[in-house]
Ligand SMILES: Nc1ncnc2c1ncn2[C@@H]1O[C@H](COP(=O)(O)OP(=O)(O)OP(=O)(O)O)[C@@H](O)[C@H]1O
Ligand SMILES: [Mg+2]
């Protein structure tokens with residue numbers, strides 16, 4: 001039997017004289033040991049769907065069973081007990097600032113009435129698991145975002161849960177830290193066998209760690225399946241948009257490049273591709289300063305996300321042959337993709 | 001009155017009675033401390049009730065919230081000097097007298113509790129919604145949420161609320177003194193104003209200021225100590 005199973009699950013919110021359909025007839029199952037990703041744009045109903053899984057929201061219609069228990073049938077006290085077997089982490093970490101890291105991790109243990117000496121022991125163990133040895137007496141206010149999320153993860157795992165729910169757990173982190181946290185989640189899934197359900201608006205997160213993916217739009221799951229399948233043959237419009245967000249758009253066609261090289265005869269035409277990995281400083285101006293070249297942008301599309309640039313630029317470089325070559329080399333060293341027009 | 005006359009009225013030390021100041025200070029402190037104990041306990045309870053009613057989405061809650069809120073606003077708004085007069089029969093029934101430091105306590109508690117309760121409600125509202133969600137997700141009961149989350153996470157605001165309320169309370173004790181409530185207020189009023197001994201009034205004022213500053217200083221110190229944000 002599946003660990004989590006939803007059959008035609010619907011959630012409506014009644015607000016004033018209006019009804020909001022946040023989750024609309026959703027069906028899916030999550031097997032034990034899986035990492036299941038739900039991707040969708042803001043307002044799609046992802047958080048609501050996730051909150052249904054540990055009973056923070058009540059289903060309006062449909063059947064929802066988790067760990068062989070039908071949540072709708074649980075009484076208040078049973079529901080609280082049931083939640084102790086499910087960990088949850090959040091976009092904004094939601095740690096108690098008034099408690100130290102160690103005390104934060106011990107909170108769920110206190111709630112589960114674990115004896116004091118065992119609590120401390122377990123918390124230290126978790127601290128080690130998430131790679132924060134020695135930071136136990138720090139306060140959350142003294143930690144970086146990535147470290148805070150590690151504390152969040154440690155806290156969520158305190159009571160040996162079978163399931164970990166992640167609500168945009170990496171959305172407040174920079175790309176580098178995101179990858180580290182994702183790596184940690186993957187490790188937890190593999191080593192401890194914890195089933196993970198995560199929601200995100202970044203396809204990147206799905207590609208990095210998920211086995212299965214469901215695409216959500218306006219409360220409905222419009223497409224779901226194996227990550228590789230959904231990625232290689234997206235059917236729905238939303239899915240295609242998400243997939244595009246991941247693979248960088250080749251904004252420039254081959255023949256337009258040829259067109260540029262015929263019309264800009266002064267210098268060399270090159271296409272620079274920024275993938276956000278290394279480009280934390282303004283490389284363009286740095287190259288202009290360092291080498292005796294002029295660079296003019298002909299066409300391009302660049303996005304700044306968390307201090308990193310993503311996108312493509314077509315530039316014309318003018319100057320001595322050697323300087324141009326050195327400048328292009330510099331770009332390559334900085335991790336920028338370089339393609340020179342006319343160079344075969 | 002010429003300058004010398006003013007100087008003589010304010011700085012005529014012949015009538016200063018150290019013993020009287022000592023008792024008066026003790027009375028003021030006693031009134032303040034005893035009343036504050038009640039105010040903190042009752043204010044936390046009332047504040048918690050207001051907070052819970054405002055948060056609950058039951059239909060009846062918003063009605064009860066309005067009732068409690070209006071009542072507490074009324075008691076907060078009655079000028080203290082009038083409240084103390086209004087309460088004379090009540091105080092008499094409760095304590096057998098309406099004179100003296102002890103008799104001022106019911107009025108002090110009744111007027112300061114709604115004030116502190118409002119500060120408590122605001123303090124609780126400022127607790128991060130996400131942290132409450134996290135606690136819910138961990139299976140915390142309502143009582144555990146109050147105890148382990150609300151009270152812990154709002155500590156700086158609760159303490160600075162106590163500081164503000166205590167200082168207001170000192171002002172109230174002085175007023176209570178003027179209608180026979182004892183303490184530095186009574187000393188300043190009877191000895192000073194009624195008997196024309198403004199030196200005593202001046203000294204009582206200085207003592208009250210010193211007490212207020214000390215309370216403020218302790219309060220600020222505690223807030224910086226517990227605030228780890
Ligand atoms: N408690 C609530 N009361 C009323 N409406 C709500 C409530 N919670 C969510 N909604 C509504 O349900 C819809 C889905 O919200 P939800 O937070 O699940 O979206 P989301 O996909 O998580 O978006 P985001 O990426 O912005 O977090 C929204 O229209 C929202 O306004
Ligand atoms: Mg959300």
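The values are calculated or read from the model by the stated rules, or taken from the named source; none is laboratory data. Treat the numbers as computed from the prediction; the structure is a model and nothing was measured. Because the Cβ atoms are built from the backbone with ideal geometry, glycine has one as well, and the counts that use them run over all protein chains shown.
One line per residue, one yes/no per condition, for (1) in a helix (DSSP H, G or I); (2) in contact with a helix residue (DSSP H, G or I) (Cβ under 8 Å, 6 or more places away or on another chain); (3) away from chain B (no Cβ under 13 Å); (4) touching a residue at least 40 places away in the same chain (Cβ under 8 Å):
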| position | (1), (2), (3), (4) |
| --- | --- |
| A:118 | yes, yes, yes, no |
| A:122 | yes, yes, yes, no |
| A:128 | yes, no, yes, no |
| A:131 | no, yes, yes, yes |
| A:146 | yes, yes, yes, no |
| A:150 | yes, yes, yes, no |
| A:153 | yes, yes, no, yes |
| A:159 | no, yes, no, yes |
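I'd like the full set of residues that are in a helix (DSSP H, G or I), surrounded by fewer than 19 Cβ atoms within 10 Å (Cβ to Cβ) and within 7 Å of another protein chain (Cβ to nearest Cβ), limited to region B:134-147.
Scanning region B:134-147 gives a single hit, B:144.
Got at least one residue in region B:59-73 being more than 30 Å from residue A:57 (Cβ to Cβ) and touching a residue at least 60 places away in the same chain (Cβ under 8 Å)?
no
Under the condition of being in contact (Cβ under 8 Å) with a residue 12 or more places away in the chain and outside any helix (DSSP H, G or I), which residue from region A:99-113 is nearest to ligand 2 (Cβ to nearest atom)?
A:99
Go through the residues of region A:34-43 one by one and say whether even a single one is assigned by TED's automatic domain parsing to the domain that holds residue A:192, more than 16 Å from ligand 2 (Cβ to nearest atom) and not in a strand (DSSP E or B).
Yes, because at least one residue in region A:34-43 is assigned by TED's automatic domain parsing to the domain that holds residue A:192, more than 16 Å from ligand 2 (Cβ to nearest atom) and not in a strand (DSSP E or B).
Looking at the structure I just gave you, is residue A:87 part of a strand (DSSP E or B), in contact with a helix residue (DSSP H, G or I) (Cβ under 8 Å, 6 or more places away or on another chain), away from ligand 1 (no atom under 11 Å from the Cβ) and under 30 Å from residue A:120 (Cβ atoms)?
So residue A:87 fits the description; yes.
Sort out which residues of region B:37-60 are in contact with a helix residue (DSSP H, G or I) (Cβ under 6 Å, 6 or more places away or on another chain) and within 19 Å of residue B:164 (Cβ to Cβ), and write them in order of number.
B:38, B:39, B:42, B:43, B:44, B:46, B:47, B:50, B:51 - these are the residues of region B:37-60 that are in contact with a helix residue (DSSP H, G or I) (Cβ under 6 Å, 6 or more places away or on another chain) and within 19 Å of residue B:164 (Cβ to Cβ).
Suppose we filter region A:191-208 for residues that are at pLDDT 95 or above, away from ligand 2 (no atom under 13 Å from the Cβ) and in contact with a strand residue (DSSP E or B) (Cβ under 6 Å, 6 or more places away or on another chain); how many remain?
Result for region A:191-208: 4.
Looking at B:114, B:89, B:106, can you tell me which residue is without any contact (Cβ under 8 Å) to a residue 40 or more places away in the chain and crowded, with 19+ Cβ neighbours inside 10 Å?
B:106
Of the conditions (1) more than 16 Å from ligand 1 (Cβ to nearest atom); (2) surrounded by fewer than 24 Cβ atoms within 10 Å (Cβ to Cβ), residue A:47 fails just one. Which one is it?
Unmet condition: (1).
Output the residues belonging to region A:50-61 that are buried (at least 18 other Cβ atoms within 10 Å of the Cβ) and away from ligand 2 (no atom under 16 Å from the Cβ).
A:55, A:59
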